[in-house]
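Report on the structure given below.
Read-outs: derived from the displayed coordinates by stated rules, not from any lab. Predicted, not measured: the structure shown is a model, and the values here were computed from it. Reconstructed Cβ throughout: ideal geometry from the backbone, glycine too, with neighbour counts over all protein chains shown.
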């Protein structure tokens, strides 16, 4: 039992679950997708990324890469959302909602890989 | 370099997470706290404005309350955000600054920039372990001749002085322990351009360790070792150290030569002198009884060699027991008149001050000269920084261990055949040496000669080799003639011809060259360029061989063909 490992797994999995929470629902219905959920998913994903910094093992590099992909996708989704509302001054249309949600879907996939890698590493780790 | 990035990222984890969380909580709080817009309607800040607000607040810019004036609850939250953001930024910046100043990180950075410099060295190089008196002198002379060096020294001050020194080529320096194989490897021990390792750490044990490491990890690399004790020298020899230099032994053997074979002494002295240094004038020490102060490593060597030549010495040593001085040794330091008088200084021929303390040595010499102004004075100077004082004391012969070591190594590097030459020369008579000295003196006039090696190979002497392939004879004199006027010989003396059938000492000028021959020449620096020219220019060699200046252009060649 190691607190660092618990926190590490906690944030990696939380990033996945929050991401999933935002993603589920009709892809083009703004009412099914909450801004707070996206915010939480993004923040947790960032924290998870930082926690993966400085791991020299090969699997560590892969974990960091998947996290960076998830961050990139989520930040792009948030940027599209923000610029639609405040730069172009329009409401969320089904088309824009769909693109935001599908970007978060990509992040979901990356987070899924992250968790899978974590599981693989744990399973192959022998004392 | 990768190590450094990983290290930095790892240490930045906590401050970065703290920063992200502070921002996240602040933004979340702002979007949750109810406010009112300019019409007094209930209003909540959206994420976009919250991020904007916290961003400028966190960096202490502060544009004010936007888009509408805040309510009390929002202001209370903002107060919290201000302090939280400032504190987490201070923490993050503080961590970065500590990280940069971390000695561990600095060492890693220095090591990685050192290895990068070593990897990029364009030509063959030597690793010099120890940048003391001998090391710095050697590095200076080597870089002056365009030979690259890498320095490892344990002392930070020595590495700093290397950095500020004005050397001809960039010399990468590492502060580290050269006895560790890691340091030697990052200094390029396994690099394909590494020619040799020079051990001048000042401690026989460390030199021994470096020599072992080098020979085990890179058997092809030449190892030069300074050694002050004969047992460690034997140890070094046992695993293939190429050259072992014992400055005390070198000095003692040459000093003993000065009595009976001054010309032989000059041969040694000139051949290992730095080129273009003024030629040393020979002061023959008078025979008779000598007073030797200090019976350490230096004193023992000198005592032994003088005894071999039948010269009596009176010993003075402060610590008779530990040095195991022979009977009849006078106990004392020799710096006071009493001890010197006890050693019959008034009737002695000369005095040798050979302790390991420069101040004591000077004091001995000056006191002794006061008692007997006719004395021949020999002083051991341990530190190069004392140059001026020793010069001012007008000592007849100064012995500097570091300079002797460094000079010997330098000559071995510049002319590897010198080792063979000196060994053969030592078996010759004084008359032979006399002839050689006058011959060399006639060639070089008043500066020390330059020595260099030549090899008859397609790479080093394309012209000579072409002639040999056509079975045309090339003699040594063809290389040593002036390429403008062949009746005029260049200021060069061939010292040694090394070939598979045996070595020829002082080969005659009409000796024919053969493929694979190695030749050691000595002469004036400017002659070297001429010899080089003959070795590479067919026309020049043709002229020095036949006396016919062959035209080089096609038109001229055709015109001349009709005539001859």
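The table for this structure:
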| item | result |
| --- | --- |
| Principal-axis tilt of helix B:297-308 within chain B, Cα atoms, nearest 10 degrees | 10 |
| Estimated [θ] at 222 nm from DSSP helical runs (n ≥ 4, -39500 (n - 2.57)) normalised by residues in chain A, nearest 500 | -26000 deg cm²/dmol |
| Calculated on alpha-carbon atoms, Rg and Dmax of chain A in Å | 15.8, 58 |
| Whole-number Å³ per residue for the convex hull built on Cα positions in the range B:449-558 | 101 |
| Distant alpha-carbon pairs in the range B:122-245 (separation over 21 angstrom), percent | 31 |
| Unit Cα scatterers, Debye sum, the range B:278-418: log10 I(q)/I(0) for q = 0.08, 0.16 Å⁻¹ | -0.22, -0.84 |
| Cα convex hull volume per residue for the protein assembly as shown (Å³) | 305 |
| Pairwise centroid distance, computed over Cα atoms, of the range B:111-183 with the range B:328-390, Å | 37 |
| DSSP-defined beta bridges in chain B - what % are antiparallel, rounded to 5 | 35 |
| FRET efficiency estimate (nearest 0.05) - Cβ-Cβ, residue B:190 to residue B:457, R0 25 angstrom | 0.40 |
| Amide N of the range B:482-501 lying under 14 Å from the label point, which is placed 7 angstrom from the Cα of residue B:556 along Cα→Cβ | B:484 |
| Residue exposure sequence - B:22, B:355 - by fewest surrounding Cβ within 10 Å | B:22, B:355 |
| Gain in span if fully extended, residue B:231 to residue B:90, counting 0.36 nm per residue against the direct Cα distance | 44.7 nm |
| B:49, A:33, B:536 arranged by Cβ crowding within 10 Å, fewest neighbours leading | B:536, B:49, A:33 |
| Acute angle (nearest 10 degrees) that the helix B:47-58 long axis makes with the longest principal axis of chain B, alpha-carbon atoms | 50 |
| Helix axis angle, B:247-260 relative to chain B longest principal axis, alpha carbon, degrees | 20 |
| Spacing of the two label points (7 Å from each Cα toward its C-beta) at residue B:469 and residue B:322, in nm | 6.6 |
| Kirkwood Rh, angstrom, chain B [1 / mean 1/r, Cα pairs] | 29.4 |
| Distance histogram for the range B:2-101 (every C-alpha pair counted, 5 angstrom bins, percent rounded to whole numbers) | 2, 12, 21, 20, 14, 10, 8, 6, 4, 2, 1, 0 |
| Potential extension, residue B:82-residue B:485 segment - 0.36 nm per residue separation minus Cα distance | 136.1 nm |
| GNM result for chain A, Cα springs below 10 Å: residue of A:110, A:35, A:57 fluctuating most strongly | A:57 |
| Sum of -39500 (n - 2.57) over DSSP H runs of 4+, divided by residues of chain B (222 nm, nearest 500) | -15500 deg cm²/dmol |
